Amino acid sequence: MLQLLSLIFLSMLEDDYLVPELEKATVRIRQPERVRGIIRTLREQGVAKLQVVSDFDMTLSRFGCNGRRCPTSHNIFHSSHVVSEDGKKKSVKGDVDSVPFPSAMLQLKDLLHYYYPIEIDPNRTLEEKRPLMVEWWTRAHELLVQQKIRKGDIAQLVRESEAMLRDGFKEFFDQLHKNNVPLFIFSAGIGDVLEEIIRQADVFHSNVKVVSNYMDFNDDGVLMHFKEPLIHTYNKNNTVLQGTQYFQQLSSRTSIILLGDSMGDLTMADGIPKVENILKIGFLNDKGLPPPPHPVLTGLLQVDERRGKYLEAYDIVLESDETLDVVNGILRYILTET
């Protein structure tokens, strides 16, 4: 019995040594022994059974830099010349008595300020949130369509923006590619934009598959509408993957690492036919406030208020961590041949 306990203890020490990133101050783990067991099993099952399922905005991309929020693939348009400054005046709620906004840019920001607190409100049910998310995404997409955005402008828009991938992104993408591990990016953002962000970072490898909201352009390269289905924060599950056959083609990949930053990301692996082992890693990003600062939102959902729910849902929570260090450390351990 003593020998068995010694072996277990040495195994735990070995895990900590081989994944030293788990000792970072940003790491929160509710059940450390369970997490160690999952990581060991993922390694034992081998590379051939592994796949990674990840969100993009504020998960693979940075939440902030130098005290400023980084744009997501949607709000990258907020400060861009691509979106006109003289868009039609519309109110957020469609109420004629609401205050109109003089530009498309301000309308997009106002949608964000109105709906984002709803998205991350821990006191609202998913049933309450879903129709409001559909409403938000639909209004934002309609507004972008009105601006007659050109396909050829997206690359320049990305280059001029402050959107960026998390520190350590190159190791993350490259080691998955080197080991032929599929990376499935399931995003409620704008696929055309996030693909360009990855492409300009020179890490859009052949093992990367993206499912997201894609723009539909006419023959002149002008945005006409968004393709179906509409993907928002709380329908990132098998309902929007029907007919894609992606996960069915990877049926032997039963070991999953899931990366997300919201409660809605927890269902991203639901379409996988068989899951034998899954490690869920969640990014708890600062105070959850959208750019720019808004007086109504100041102090609204502090990290402390959301931490408990994240720790219940995710195996590992990374709090205000703008890197992929922990994910890369775990991957190095798993991908090392036993």
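So how many residues does segment 224-237 have that are more than 21 Å from residue 267 (Cβ to Cβ) and in a loop (DSSP other than H, G, I, E, B)? Walk me through it before giving the result.
Restricting attention to segment 224-237, the residues satisfying the condition of being more than 21 Å from residue 267 (Cβ to Cβ) are 224-227.
So of that shortlist, the ones also in a loop (DSSP other than H, G, I, E, B) come out as 227.
So the count comes out to 1.
In the set 130, 139, which member is closer than 14 Å to residue 234 by Cβ and open to solvent by 30 Å² or more (accessible area, probe 1.4 Å)?
Criteria check complete, one pass: 130.
Looking at segment 41-78, which of the residues that are modelled with pLDDT under 95 and touching a helix residue (DSSP H, G or I) at 6+ places or on another chain (Cβ under 7 Å) is nearest to residue 335 (Cα to Cα)?
Here the answer is 73.
Would you point out the residue of segment 200-225, among those that are more than 30 Å from residue 181 (Cβ to Cβ) and touching a Phe, Trp or Tyr at 6+ places or on another chain (Cβ under 8 Å), that is least open to solvent (accessible area, probe 1.4 Å)? Please lay out each step first, then the result.
Taking segment 200-225 as the starting set, the residues that turn out to be more than 30 Å from residue 181 (Cβ to Cβ) are 216-225.
Narrowing further to those that are touching a Phe, Trp or Tyr at 6+ places or on another chain (Cβ under 8 Å): 216, 223-224.
Numbers: 216: 48, 223: 0, 224: 85 Å².
Among residues in segment 200-225 that are more than 30 Å from residue 181 (Cβ to Cβ) and touching a Phe, Trp or Tyr at 6+ places or on another chain (Cβ under 8 Å), the one least open to solvent (accessible area, probe 1.4 Å) is 223.
The values are calculated or read from the model by the stated rules, or taken from the named source; none is laboratory data. Quick caveat: nothing in here was measured; it's all calculated off a predicted structure. Cβ: placed from backbone, ideal geometry, glycine included. Neighbour counts: every protein chain shown. These accessible areas exclude ligands, DNA and RNA; they are computed on the full protein's heavy atoms, side chains included. Shrake-Rupley method; radii C 1.70, N 1.55, O 1.52, S 1.80 Å.
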